[in-house]
Every structure is written in C-alpha cells, then in structure tokens.
C-alpha cells in the first residue's frame, strides 16, 4: 500500500463523530478505507459533513504513521490482503490494526486461549501441557491470547518454550507494554509471534479497552479455548463472542466447588463449549489433521526467569537448589524482611514462577 493509503486509513479512525461501527459500514460499502477516502466528498450529507474537515485527523495519523515506520510496525487496514481474513467475518471488526511481529495472522491453524488472571496450579499445568502437545501434533499452529496475568501469560510462555508462534492482542498502543512485568516475554514474542492492537500510541490500558479487545481475540481464531474462568469475567466474554461469531468454543472442566472453574463448567453445561482435556481433543473436534514433521527444532532455551528482580532471582535460585522452602526458611536464607519477602513471593506467584503448596511451602515451577 502507498503511504497516502495508510495515512487515510488511520485518519478515518480519528474523525470526530464517526463511530467505529459507522466507519466499518462505510469502508465495507466502498471496499477499502482508501476507496471511502476518495469518495468522501460524494457521500450522503450526514457523512460528507463529518469528513469535510480532515486536517486534525490527518495530523494525528501522520504522527502515528511516522512512529510505525520508525519501529517496524505494520499498519493493516480493513480490506487489504495482510488484514486477518477471519476477522473480516466479524460484524464489529476494527477498521485498522497495528501489528509488530513475525507470525502470519492468516495462518492455517489459529486458536485463542483465554482464562482467569487468578490461575491455579491446575490451570497452569494444563497450559504448559497443552502447548507441548500442540507443538508435537500441529507445530504450525498460531496461539492468540492477551498478555495478561494468569492463563494468558502461562499460554504465551508455554508456546514460546515449545517453538509455537504466539500473538498477544493488546488493549493499548504499541508504545508501551502492560503489564510491565511481562515486557521480556513480549520482546521474545516479537521474534516468535507478535503484538497486535487496534489502538494508537498514547492510548492508556483502560478497563473498557480490555473488554473491546476481547472481540479481536475471539475473531482472529477458528476456535477459542477457555482454561479457567470464574462465573463472570473477560474470558467468558471472549468465549461468548466466539460462539456468536460461529466459531468453535472449548472449555477445560474443573471441580464443581472451584471458583475459577465455574465459568468453564457452565459453558459446558449450557452447551456453548465442548469439553476438552488435551490438545488432541481440540484438533479432533476441529477436524484438523495432525502433522508428523521431521524432528522438530529443539525447544527454545529461555533465560531462567528474566523478568525477576535481583531479590526474586535469589529466591528462585534457592528454590531450584533445595526442596520446597517455607516463607520462614526463605526469609532466613535471603535475609529479606518478611513484608518484602511476601511482596516478592506474591509477584512471583502472579508471574507463574512459584506455586504455594499445602503447609506454606513454595515450589519453583519450570
């Protein structure tokens, strides 16, 4: 595409009074954003008035395009060949996407994996095993998630560890990473997947943006897998969107009294999701043909927990060389004040580095 075409596509998303839904409707009518731009003076009066003065929108679009060119970010307008084909089938697809990475967004096999931020050891183990199984059976599969705490980050890391491409859909612009603790994983994904967003730079990760980005997570893939979810939350929103888009939905069952399996169990009970227990189940239900490639490249040897600070690295090293330690033993061994140690351990739990076992013992994962 020409620079002017990209500029016009971005500018259309900045026209005051032109809603996302209206912009998409007009773009679909005229084929592409550039087609709409060229016809802007001949539109019905309502739309022509909105597009009469585009100077401010063009200025903002010009700054955004300069940022994208500087940082190797692709601008993907709706209706162009690089735009994700599956997403064009959705009635609320974004008019423009911004993408940085190496993965093919139109890969033959794409699955989204979502779930709670409060992942349990059961959920974390499933994510790791699912990615390992999927890499063995279908190594060209692209995994999509949202880079959030819990199921999202466990899935991204499981994919990377098994040479699967993985893409994160962000709720903000590509000038930042949220949460910041996942920056190193995000950087690694640029080489083995990518980062995708509909939001321009300087967009903060506001709550509403996370809800809106769920439709992209659902729309990008042929199917959505829910690993763990409470009875309400973003994962269920994504699953229901996928169902409404006529995509397959899968859910991992859990114990009836587990808070973060309640959503999965309800999806299965209401027949809005297939019950699955492995990657093989998913492949079979999608009628995908398992591949049997020549020996797969060795899994990526990732640096041990690169996102930990110095104190957390010390804790990880202790747990690696010893049997599971209690917080009291860790406090003595690290000489960290109890309150500081508790904060460090909590962050490590959220990152999926350690697991709290019965008896107050901490176990290193990995």
Notebook entry, point to check: Counting just the residues of the range 281-291 that are closer than 22 Å to residue 192 by Cβ and assigned to a loop (DSSP other than H, G, I, E, B), which one comes out modelled with the lowest pLDDT?
Noted result: 291
Notebook entry, point to check: Which members of the range 342-359 meet the condition of being outside any strand (DSSP E or B) and touching a residue at least 24 places away in the same chain (Cβ under 8 Å)?
Noted result: 344, 345, 347, 348, 350, 351, 352, 353, 359
Next item on the list: Please work out if residue 228 is crowded, with 24+ Cβ neighbours inside 10 Å, farther than 25 Å from residue 60 by Cα and over 13 Å from the mean Cα position of the chain (by Cα).
Entry: yes
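Just for the range 40-80: of the residues that are assigned to a loop (DSSP other than H, G, I, E, B) and within 22 Å of the chain's Cα centre (by Cα), which one is surrounded by the fewest Cβ atoms within 10 Å (Cβ to Cβ)? Before the answer, list the steps.
Start the filter on the range 40-80 by keeping residues that are assigned to a loop (DSSP other than H, G, I, E, B), which leaves 43-44, 51-54, 72-73, 78-80.
If we keep only those that are within 22 Å of the chain's Cα centre (by Cα) as well, we get 72-73, 78.
Details: 72: 9, 73: 21, 78: 22.
In this case the residue turns out to be 72.
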Note to self: Testing residue 32 on (1) surrounded by 12 or more Cβ atoms within 10 Å (Cβ to Cβ); (2) modelled with pLDDT of 85 or more; (3) closer than 30 Å to residue 190 by Cα, one condition comes back false. Which one is that?
What the structure shows: (2)
Item checked: Test set (1) within 30 Å of residue 263 (Cβ to Cβ); (2) part of a strand (DSSP E or B) - residue 98 fails condition number -> (1)
Margin query: Suppose we filter the range 262-282 for residues that are buried (at least 16 other Cβ atoms within 10 Å of the Cβ), free of Cβ contacts under 8 Å to residues at least 40 places away in the same chain and closer than 16 Å to residue 124 by Cα; how many remain?
Written below: 1
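The values are calculated or read from the model by the stated rules, or taken from the named source; none is laboratory data. Treat the numbers as computed from the prediction; the structure is a model and nothing was measured. Neighbour counts run over all protein chains shown; Cβ positions are idealised from the backbone, glycine included.
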